[in-house]
Amino acid sequence: MPEQLSLVPAPPAAPRRRRPAPASDAPLAERDPVAQVLIDTPLAHLDRPFEYAVPAPLDEDARPGCRVRVRFSGRDHDGILLARTATAEHEGRLAPLRTVVSPEPVLTTAVAAELRLVADHYGGTAADVLRLAVPPRHARAERTVPPEASDEVSGGQEAPVERSRVPADRQDAAGPWAAYPAGPALLRRLAAGEAPAAAWLALPRQPPETDWPAAIAAAVRATAASGRGSLVVVPDRRDVDRVLPVLTQALGSETVVRLTADLGPEARYRAFLKVLRGHVQVVVGTRAAAFAPVRDLGLLVCWDEGDDLHQEPRAPYPHVREVLRLRAGQEGAALLVGGLTRSVTVQSWVEAGAVATVVAAPTQVRSAAPRVVVAGEGLAEERDAAARTARIPSLAWRTLKKGLEVGPVLVQVPRQGYVVALACQDCRAPVRCAVCQGPVGVTGQPPAAVCRWCGTGAAGGRCRQCGSPRRRATALGERRTAEELGRAFPGTRVVSSGGQHVVPEVDAEPALVVATPGAEPWCPTGYAAVVLLDGWRLLERPSLDAAPEALRRWSTAAAGAAPAAGGHPLAGGGSAQVVLCGVPPHGSVPAVEALVRWDPAWLAARELTERRELGLPPVRRHATVVGPPAAVQEAVTAISQDGTVELVGVVEVAPERDAAQGRSAGGTGHRPRAVATVREPGGPGDALPQAVHAVRAARSARKAEDPVRIMLDATEAPG
């Protein structure tokens, strides 16, 4: 049947495989014709420079630190030219550079060395750190920023730039640092060009001329007096808005630049180029500025170093505090880490002698600290038997009412949203999602019961334990709290701050401000009263740093209370009151006791002592492996195979969600997920990060499909 066979179409020809472009025979650069290029790729097994030939036409533009494009594995890739050499280690022919994207040397020699340090410290790749350090290119910004005034840069060496020194009449003796016994010595050493390292506990509720922004400005001004630059990193843009005007007033607008991720591509790259080309010597920003290429770097400042916003959420998950420590050691600069409280990590630096302490005298701390009262403690329990169990006890109501007579009051709520969790009204069993077993809360407009993991509606239904159809709220967010307080104080202005809607500042007019931790609006005149609700929520967080973090969040809110000195108008001549609700008596909970006594160093030292006995971070470095159980077990086995790393344990956590479908992966069920923790048997060293990097490289080389996330020094439990 030949006529039937002719109707069958011929099979399509196999696509021709593209071959990589051969090495060019074009003439090469006469001087240093070999370029070492760091390729921008997430593959860990390619975490090393590759050699390429420099064609003669690209000789002038191919400078160390510039962006280039190269051919790798049959595709064009972006990369950074790290260095040029006269000879190559590779014995065969070298592929040429495809093009120079921009001759701008965006990666300086110092920052390139720090990229490698940070990557090795966290077991990551230099390419991952590079994406955090160098913002994306914007061609128009390169044209609008004037070129540097110094001589042309050549050979990878940065030409010296003449630094403007602060005039003598703009320098004061101690200023905001006079309240700290070691403060004047710190300023003298900075002005003399030295590189001290200090852990600073700032006094709360200070007037603007001696508050922490003014203290940072004084340290930067002293550093500028020695002809050096400074880098100041704060948690969020609201802190930048507080520090930047003070620095500008102290040093001049032409000397200071803002560098944050929310500036937008062009504005951020323009600010980066101003720093790179030496037009400014002081940078203020968030964690995006931690690698800013400041010329003649003399001071690195990390304010509120325990804030979780300093933790980078992208691989290799570096912390700003650690990045600045490594930079200070690499570039010989001073390091100042400070805040109202102190993290356990910084306490370990203090006890190891790596940093000196800068604290105020105990009498000054007692006079500056707000008066904190724990609801339901002492005689208050006799007056109000429900003070310990009520969410807003009568003491908190009276404090808010009295405060609203003279000014704004602040109510801190640990969680955002409306109703965070539901439970059975009769047996108190938590309401769980029928699809993924996740917690059910109330959200949206109009409010509706939905799963907080997969978003599945959970309206109606009966309790699986007792069959009751009734439900009750077990955790309320700031929206529901603001709604209830608005009804309790009719006619009062209510301000809600949290989540995507953060209010930066409130005025001195009476208002009821309800905010989540970290979203408290700044009140220049201070709050007349502060109430901290649901304290048990912060203490029971699944985190190793639950107690220090609870203290930090409480202290940040309490420090916003109006000071009593000088008969403050909002305080009515006396101290504004801070009420902590929902916690046991302060003598039985260290974090509560540290807040009442305003002694964060005591809590940090206590936590470090306990962790030293148990071998927990930062005494021993830990790694957390998150992913499917089989992949986690495989990664843990590979990490600990040489015996230098030991397994702590493996636990099941919340199932992995499919964000595209809005429900758990798998459509009808959920994908199990496990978390494993491994640690070094001895003190902090290089064995664990090297093992983590080796596992990442092996998985990327064989193209492992199951995603596994490995984090070093993580204290938060994955959600």
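Taking into account only those residues within region 676-719 that are aliphatic (A, V, I, L, M), buried (at least 19 other Cβ atoms within 10 Å of the Cβ) and under 21 Å from V344 (Cβ atoms), which is modelled with the lowest pLDDT?
A714
Of V111, V70, V106, which residue is within 35 Å of the chain's Cα centre (by Cα), part of a strand (DSSP E or B), at pLDDT 90 or above and not charged (D, E, K, R)?
Every option except V70 fails the conditions.
Could you identify the single residue in P439, P490, P446, P504 that is at pLDDT 75 or above and loosely packed, with under 13 Cβ neighbours inside 10 Å?
P490
Is it the case that T260 is of a type in the set (S, T, N, Q), crowded, with 18+ Cβ neighbours inside 10 Å and more than 17 Å from the chain's Cα centre (by Cα)?
no
Okay, residues lined up against (1) outside any helix (DSSP H, G or I); (2) without any contact (Cβ under 8 Å) to a residue 24 or more places away in the chain; (3) surrounded by fewer than 22 Cβ atoms within 10 Å (Cβ to Cβ):
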| residue | (1), (2), (3) |
| --- | --- |
| V284 | yes, no, no |
| A292 | yes, no, no |
| L309 | no, no, yes |
| V323 | no, no, no |
| L335 | yes, no, no |
| V365 | no, no, yes |
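Taking helices (runs of 4 or more DSSP H) that do not extend beyond region 121-201, which have at least 3 residues that are modelled with pLDDT under 50 and more than 30 Å from Q36 (Cβ to Cβ)?
Passing ranges: none, list empty.
Within region 121-140, is there a residue that is touching a residue at least 12 places away in the same chain (Cβ under 8 Å), among the small types (G, A, S), touching a strand residue (DSSP E or B) at 6+ places or on another chain (Cβ under 9 Å) and outside the structural domain of A333 (by TED's automatic domain parsing)?
No, region 121-140 contains no residue that is touching a residue at least 12 places away in the same chain (Cβ under 8 Å), among the small types (G, A, S), touching a strand residue (DSSP E or B) at 6+ places or on another chain (Cβ under 9 Å) and outside the structural domain of A333 (by TED's automatic domain parsing).
Residue under question is V257, and the condition is that it be part of a strand (DSSP E or B) and within 22 Å of L309 (Cα to Cα); does it hold?
It is true that V257 is part of a strand (DSSP E or B) and within 22 Å of L309 (Cα to Cα).
Filter region 578-588 down to residues that are over 9 Å from G535 (Cβ atoms) and aliphatic (A, V, I, L, M) and give me whichever is surrounded by the fewest Cβ atoms within 10 Å (Cβ to Cβ).
V579
Out of the residues in region 512-547 that are surrounded by fewer than 23 Cβ atoms within 10 Å (Cβ to Cβ) and among the acidic types (D, E), which is farthest from the chain's Cα centre (by Cα)?
D534
Take the residues in region 121-132 that are out of contact with any His (no Cβ under 8 Å at 6 or more places or on another chain) and over 20 Å from D78 (Cβ atoms), then tell me which one is surrounded by the fewest Cβ atoms within 10 Å (Cβ to Cβ).
H121
Modelled with pLDDT under 90 and within 22 Å of V583 (Cα to Cα), is that true of A473?
Yes.
Evaluate the following for E509: is it under 23 Å from Q577 (Cβ atoms) and surrounded by fewer than 21 Cβ atoms within 10 Å (Cβ to Cβ)?
Judged against the criteria, E509 is a match.
The values are calculated or read from the model by the stated rules, or taken from the named source; none is laboratory data. Predicted model, so just to flag it, every value in this text is computed and none were measured. Note that each Cβ is placed from the backbone with ideal geometry, even for glycine, and that neighbours are counted across all protein chains shown.
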